[in-house]
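Nothing in this text is a laboratory measurement; each read-out follows from the coordinates by a stated rule. None of these values were measured; they are calculated from a predicted model.
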Amino acid sequence: MNTAKRIALLLVIIGAINWGLIGFFQFDLVASLFGGQDSLLSRVVYALVGLSGLYAISILFDSESETASSSAGTLQYGTEFSEEDDFTALEEERPDDDFDLR
C-alpha cells in the first residue's frame, strides 16, 4: 500500500471516529481541538477528511486490494508441520501378488 493510500485511510478513520463521537456523545473532537467548527484549521481537517473519503472510493475498486493474498504466493492447504505424502505412485509400482506360496 503506497503512502497516499495510507494517509487517505488514516484521515478516513479520523473522520469516522469524529462522526461516531458526534453521533453518540454530541462531541466534535476536531472542532474542540482546533477552535470550533468555523476555525480555519477545523475546516482544513474537514476538507482533507472529505477528499480522503472520495479517494477511498478508488481504493475500494482497486484490483490490488482484491488480490492481496496472491501477492504472498500460492496458498498451501496442507498442515503447517508436514506435507501429506502421495502413496498412489508406490501402489502402482508394487508388483501384483500372483504367485502362490505353498
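Backbone phi angles across the stretch 7-14, fed through the Karplus curve with coefficients 6.51, -1.76 and 1.60 (θ = phi - 60°), yield HN-Hα couplings of 5, 4, 5, 4, 5, 5, 5, 4 Hz in residue order; Gly and Pro are listed as x. One chain, two ends: Tyr55 and Gln37. Fully extended at 0.36 nm per residue, the span grows by 4.2 nm beyond their Cα-Cα distance. For the stretch 3-63, relative contact order (Cα pairs under 8 Å, six or more residues apart, normalised by length) works out to 41 percent. 3J(HN,Hα) couplings calculated from phi for the stretch 28-33 with the Karplus curve 6.51 cos²θ - 1.76 cosθ + 1.60 (θ = phi - 60°) are, in sequence order, 9, 5, 4, 5, 6, 6 Hz; Gly and Pro show x.
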